[in-house]
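Below is one structure, written out as structure tokens; the observations come after it.
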Amino acid sequence: MRRILLAGIALCVAAPALAATLSSPAAEQKAFQTYFFNKFPTVAHDDFVNGPYALDAGMRAQWKDILQFPPYQFSIDNGKALFSAAFPNGHGYGDCFANKGIGITQNYPMFDAKSGKVMTLELAINKCRTENGLKPLDMSAGDMADIEAYMASTSDGKAFAVKIPNDPRALADYRAGEAYFYTRRGQLNFSCASCHVQGAGDHLRSDVLAPALGLTASFPLYRSAWGNTGTLTRRFMECNVQVRAVPAKPDSDTYANLAYFLAYMNNGLPVGGPGERP
Amino acid sequence: MRNFVGNTATKFFVAVLMLGSLGGVAAHADTSKPVVTQDMALAALTAADAEAQKADAAGVQWTTVPTLLKAAHFAYLYGDYSGAAKKAGMAEAQAKTALTEAKEQASLWQTQVIR
Amino acid sequence: MAGSILVRASSDGTATTVQALIHHPMDSGFVKDATGKLIPAHYIQVVEFAHSGSVVLTAFWGGAVSKDPFTKFSFKGGKSGDDLSISWVDNLGNKDSTTAKIS
Amino acid sequence: MQNTKTTVRIKSGPALTRRITLSGAAAATLAALLAPGFKAAHADTAAPMADASAYPAKAFAQKSKDEAIAALFNMTATASDQITFDAPDIAENGAVVPVSISTTLPGVTAIAVLALGNPFTLAAAYQLPDGTNAAISSRIKLAKTTDVVALVQAGGKLYSVTKNVKVTLGGCGG
């Protein structure tokens with residue numbers, strides 16, 4: 001907290017020069033993880049991917065019960081069928097991904113040098129479809145969530161390894177995601193950090209606010225509130241509406257860069273997807 | 001977005017007002033509140049729409065603004081010019097605030113970064 | 001709905017533990033959809049679990065059983081390779097059934 | 001078959017007896033003989049299929065605890081500390097509340113779950129033939145914070161245990 005106060009004072013003195021004081025992504029990632037490891041010293045590092053279940057014993061017990069036979073099992077099975085089916089032109093999803101798409105979700109989002117943009121798994125799946133003459137899928141739930149659930153299940157437990165290549169465009173995308181994460185918006189004037197950094201671990205009525213570290217590691221999620229499996233894009237748009245900010249387009253760079261920033265912060269933590277949440 | 005409730009309330013409000021204003025105009029001129037003419041309402045709507053478009057373009061719009069604008073246009077359509085002007089004014093103010101919020105945050109966000 | 005039932009049945013020689021997950025909306029009839037219209041009641045009413053032809057559990061469910069309902073129980077006997085059959089019928093008369101091997 | 005329990009049990013099984021297909025009236029009378037309030041859910045096929053006519057619809061339509069118990073078991077329940085009833089103190093989400101009921105009481109023939117705060121209190125009922133262990137896990141929906149009652153029918157008597165489960169809204173609204 002002291003550092004933030006000091007930073008606040010510095011702001012009045014040299015606002016224009018502020019941009020220069022941001023450290024490198026790697027340094028920021030170290031600070032980010034250390035902040036949460038210190039804020040929740042009793043939480044095992046890998047447990048951060050389980051969000052509220054790492055912080056609330058009662059919820060954890062119910063989660064363990066549900067994990068015996070999780071309802072997202074249907075998503076995984078449906079996703080596997082969709083993933084394995086060949087496209088009309090004979091190709092398949094496997095042809096669009098490294099290692100035939102098996103055990104690779106820990107590398108996403110991935111910066112694509114050709115387009116100069118961040119490719120989340122959802123964007124990559126839709127890109128694969130359009131390249132093979134198919135309509136892109138709805139990026140919030142349904143088949144997209146099921147395919148992602150299957151792909152994530154093949155990476156279960158692998159450590160996140162999101163890379164920011166030595167390319168100014170990649171760094172710019174990372175900074176854009178970072179800016180979005182810390183920018184207050186909507187009539188409620190909250191940023192993602194308001195709830196998931198300052199408010200991490202607190203209750204919002206019966207919800208426990210998950211720490212930002214590991215926040216996106218268990219997507220796609222089967223939420224009891226949704227009654228089906230949903231993607232990270234769906235959750236981003238839902239959070240926007242909850243602070244009364246009009247959401248961006250699902251396939252916008254805004255959300256891809258935000259996912260890029262958050263996933264980079266998860267590096268080293270295990271893939272927790274598909275996950276289950278209240 | 002659950003603006004369902006807002007619409008019902010607005011319809012009810014408009015209906016009551018329409019009856020009231022039809023009777024009111026003939027019977028007596030309400031001196032305390034200046035009569036909002038159609039032109040004044042239209043001007044307010046135009047200004048609100050313009051400001052809202054700026055916030056939309058900047059991607060910083062609040063979900064409350066489109067709801068208010070819809071209600072304002074609805075009121076205008078039914079001849080409730082004072083209601084339309086009031087809602088348009090609120091919509092414009094909120095769109096302006098959304099833009100200001102974004103401008104401030106453009107530099108403020110960096111103070112929140114975990115270092 | 002073909003394939004609506006997922007089963008995990010395992011025997012330790014003396015008893016068999018059964019876990020079943022059934023893909024079904026289990027609409028209670030009290031929930032409204034996005035447009036405010038009530039979603040009509042549509043839930044599984046009877047589920048029959050049988051081991052090698054004889055009943056080991058009968059479940060009767062109301063609208064208050066969760067979506068994609070889960071059931072776990074165990075019964076004495078049953079060895080790996082035996083058949084475990086599950087069938088359900090809902091309030092609209094839809095049915096589905098499956099037979100799984102106890103592992 | 002040595003019958004240790006007070007109620008008459010029809011042991012099903014392909015070798016032993018031919019399935020009995022019951023007409024409505026006969027079904028009702030036999031139901032009284034069986035674990036009261038329950039009817040054996042058998043149909044005339046190799047593997048017994050779920051039989052809709054066995055569904056105790058009246059019991060599932062009751063709004064109060066006593067009416068539901070009467071319609072299902074037509075006996076009164078006495079509290080018992082022999083039943084282990086696992087249910088969360090605070091449900092993470094009212095739509096998926098994991099509950100587990102197990103008991104050491106001998107001769108269990110039926111287990112049921114009632115949610116007193118729901119529009120219809122009876123949530124689920126299970127009929128356990130011989131050899132089935134008296135332990136059931138399932139997931140139920142709770143409309144609001146409410147007392148949840150686990151019922152166990154054993155040796156022709158009815159036992160119950162009650163637990164309160166809090167159900168609250170989450171999130172910061174829209």
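Using the alpha carbon gyration tensor of region A:24-278, what are the three equivalent-ellipsoid semi-axes (square root of 5 times each eigenvalue), largest first, in whole Å? Before the final figure, lay out the partial values.
Details: eigenvalues 145, 97, 61 Å².
Ellipsoid semi-axes (Å, largest first): 27, 22, 17.
Kindly flag which residue pairs out of A:Lys249/B:Lys54; D:Lys65/D:Lys157; A:Lys80/A:Lys158; D:Lys65/D:Lys166; B:Lys86/C:Lys32; A:Lys30/A:Lys114 have an alpha-carbon separation exceeding 23 Å in this structure.
Numbers: A:Lys249/B:Lys54 17 Å; D:Lys65/D:Lys157 17 Å; A:Lys80/A:Lys158 19 Å; D:Lys65/D:Lys166 18 Å; B:Lys86/C:Lys32 33 Å; A:Lys30/A:Lys114 29 Å.
Correct reply: B:Lys86/C:Lys32; A:Lys30/A:Lys114.
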inquiry  = Residues of region A:183-212 with the amide nitrogen closer than 12 Å to a label point 7 Å from the Cα of D:Thr145, along Cα-to-Cβ, please.
reply    = A:206
task = Quote the FRET efficiency, to the nearest 0.05, computed for C:Ala41 versus B:Ala106 with a Förster distance R0 of 41 Å and r equal to the Cβ-Cβ distance.
result = 0.20
ask   = So how tilted is helix A:25-39 from the main axis of chain A? Cα-based, degrees 0 to 90, rounded to 10.
value = 80 degrees
ask   = Considering only A:Asn89, A:Gly268, A:Pro70, whose Cα is most displaced toward the positive end of the charge dipole of chain A, charges sitting on Cβ of Lys, Arg (+1) and Asp, Glu (-1)?
value = A:Gly268
key: Nitroxide proxy distance, nm - points 7 Å out along Cα→Cβ at A:Asp112 and D:Ser100   = 4.6 nm
inquiry  = Between helix A:121-131 and chain A, what is the angle of the helix's C-alpha long axis to the longest principal axis, kept within 0 to 90° and rounded to the nearest 10?
reply    = 40 degrees
query = Under 5 Å between amide H atoms, partner at least 5 residues away or on a different chain: which partners does A:Ala245 have, H built in plane at 1.01 Å?
reply = A:Gln187, B:Thr63
ask   = Each residue of region C:52-61 in order: what ³J(HN,Hα) in whole Hz does its phi give by Karplus 6.51 cos²θ - 1.76 cosθ + 1.60, θ = phi - 60°, with x for Gly and Pro?
value = 6, x, 10, 5, 10, 6, 10, 10, 10, 10
ask   = Setting aside same-chain residues fewer than 8 positions from D:Lys58, which aspartates and glutamates have a Cα under 12 Å from its Cα?
value = D:Glu67
key: Proximal lysines relative to C:Lys37, as straight alpha-carbon distance under 22 Å, when same-chain residues fewer than 8 apart are discounted   = B:Lys11, C:Lys67, D:Lys141, D:Lys144
request  = First measure r as the distance between the Cβ atoms of D:Thr78 and C:Ser10, then evaluate 1/(1 + (r/R0)^6) with R0 = 35 Å and state the FRET efficiency to the nearest 0.05.
outcome  = 0.45
query = So between A:His91 and A:Asp156, what do we pick up on full extension, going 0.36 nm a residue minus the alpha carbon distance?
reply = 20.8 nm
request  = Using only Cα atoms, tell me the angle between helix A:253-265 and the longest principal axis of chain A; keep it within 0 to 90° and round to the nearest 10.
outcome  = 80 degrees
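Only loop residues by DSSP count here, and only those with at most 16 other Cβ atoms within 10 Å; note down the trypsin sites (Lys or Arg not before Pro) in region A:110-176 that meet that. The partial results should precede the final answer.
Details: sites: A:Lys114, A:Lys117, A:Lys127, A:Arg129, A:Lys158, A:Lys163, A:Arg169, A:Arg175; in loops: A:Lys114, A:Lys158, A:Lys163.
Here the trypsin sites (Lys or Arg not before Pro) that fit, given the DSSP loop and packing criteria, are A:Lys114, A:Lys158, A:Lys163.
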key: Two-site label geometry, A:Ala57 and A:Asn189: point separation in nm, points 7 Å out along Cα→Cβ   = 3.9 nm
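Readers should treat all values here as calculations from the given coordinates under stated rules, not as data from a laboratory. Just so it is clear, the structure is predicted and the values come from calculations on it, not from any experiment. We place every Cβ from the backbone using ideal geometry, glycine too, and count neighbours over all the protein chains shown.
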